[in-house]
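Reading through the structure tokens given below for one structure.
What follows draws every value from the coordinates through simple rules; no lab data is involved. Fair warning: this is a prediction, and the values are worked out from it, not measured in the lab. Glycine gets a Cβ as well: all are built from the backbone with ideal geometry, and neighbour counts include every protein chain shown.
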Amino acid sequence: MLVVVLVLIFGPSADNTTVSRDEIANETEEETFDDGGSAPQQQNFKILELADLAELVGPSVVQVDVTRPEGAGTGSGFVLDKRGTIVTNSHVIEDATGGRIVFADRTSVPITGYLGMWPRKDIALVRVECPPEKLHPLRLATSEPRRGERVAAFGSPLGLQQSVSEGIVSAVRESKELRTLSRIDVNARLIQTTAPISPGNSGGPLVDMKGLVVGVNTAGVRGENINFAVAVVEFPPLLLAKSETPSPLPASDPAARDKDSPPQAEDVASVREPQPGDARLASDLNMRIARGEPIPAGIKYSDLWRLHEHGALDMQAFPETWEKVQIWKRNSDGVSDEDAAQQINNASDNGERFPPGLPYRQQIKLHNAGVIDLKAFPDEYDRAVEWSKGKEGRPMLIEEPPAPEPTPEPQPPVPVTVTDPIPAPGG
């Protein structure tokens, strides 16, 4: 009787209380993240046991099956909102010509298109069309997890759907700390965790024990229990910049081009009119200006020029990139040799900097013809020399203009000595 009374008075221990998914859903459903607004405010959510956490998060985790020209691929993702927005890694859907989202109950729907793709963050948003009752959004954390905090990684490692692994947060790092790890090629805050992540986990959620998403699984170091997820604190500007209308696969984004790729030759006239995605790109770049951040590498010069021309972006806020855009435009429009030579010689005579936008091939041609002296601009001369090395499969180092033939100096006439002829014998 005494034991029964104590239980009735004090109730079961809070640490041993199990929570059903329905109870959790009733408690948290109103806090579902809405990508049309800001992230929800944090509350003191319950700390869950791993089994309860898996029950809560599992229906929100999806498998992302894609097809590419070279074959099929599998990744993971999670539901962000009731409109059918799915979060995954950009490397999961990059170059995919089609794909399907597989839910926890093994049913699947085709990917309608993508709403945004940010390879430098390794984040992508895709859209699916399905009944709202199939969509169970997860909440996003609004702050980074603490070092030592318990977390769990969800996804489909090696295609094994609805897997969960547990670990702790080892550290929260800047991507520049990981430059020696070739697989980690992002520019984002990264959560280092001991929760194992394998191929196929990419794009799945890393959640804390309250069920809040703190990161998006992106990579692991093979042979070591060192794994990384992109922190969701990177999300707010991406969600503001995403499109509301899905674009068809294959997914492509200005930032998806390799950062070292040369600008592509394009017809300037074809890029004068507004293009799909301009608003999203302009929004992202203007936010970078406001934060004092540099422009990301790899965006097409034609897109930057068009946004500047239409007044959607002030490219002069990025002077170095703006100069390269001008170079691209002049290469596309063409500058006559006469105009180029006049600009260079005027700059040399007036002690001004080298005029931007003149292609190296033209500079070398004019220099080798003796029309300009490129050495009057040492830095530009060195860059032109570097550019010319190895072009067209052979060295094309700048040649010096041929020196004029020296005019021989007049020589005094050679004196001629007249001698008497030798008399003939017997003469």
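Note that the stretch 169-176 has calculated 3J(HN,Hα) couplings of 7, 6, 5, 10, 10, 7, 4, 5 Hz, one per residue in order, obtained from phi through the Karplus relation 6.51 cos²θ - 1.76 cosθ + 1.60 (θ = phi - 60°); glycine and proline are x. Between E144 and L158, the contour length at 0.36 nm per residue exceeds the Cα-Cα span by 2.2 nm.
Annotation: amide H-H contacts under 5 Å for L140 (H modelled 1.01 Å from N, sequence separation of 5 or more, or interchain): F33, V213. The ranking of E320, E352, E380, E49 by Cβ neighbour count inside 10 Å, starting from the fewest, reads E320, E352, E49, E380. Amide H to amide H distances under 5 Å link A219 with F228, where only residues 5 or more positions off or on other chains count and H is placed in the peptide plane. Whole-Hz Karplus values for the stretch 92-101 come out as 6, 9, 4, 6, 6, 8, x, x, 9, 9 Hz, taken residue by residue from phi with 6.51 cos²θ - 1.76 cosθ + 1.60 and θ = phi - 60°; glycine and proline positions read x. Of T74, T97, T218, T321, the sequence from fewest to most neighbouring Cβ atoms within 10 angstrom is T97, T321, T74, T218.
Estimated from the Cβ-Cβ distance and a Förster radius of 30 angstrom, the FRET efficiency linking S108 and T245 is about 0.85.
Computed from backbone phi, the HN-Hα couplings of the stretch 368-377 come to 5, 7, x, 7, 10, 10, 5, 5, 5, 10 Hz, rounded to whole numbers (Karplus: 6.51 cos²θ - 1.76 cosθ + 1.60, θ = phi - 60°; Gly and Pro given as x).
Annotation: amide H of A251 within the under-5 Å range of D95, A96, sequence separation 5 or more or interchain, hydrogens built in the peptide plane.
Output the peptides 99-105, 239-245, 115-121 sorted from most to least packed, where packing is the average of other Cβ atoms within 10 Å over each peptide's residues. Kindly include the intermediate steps, with their values, before the conclusion.
Working: 99-105: 18.6, 239-245: 16.0, 115-121: 23.6.
With the highest mean Cβ count within 10 Å placed first, the list reads 115-121, 99-105, 239-245.
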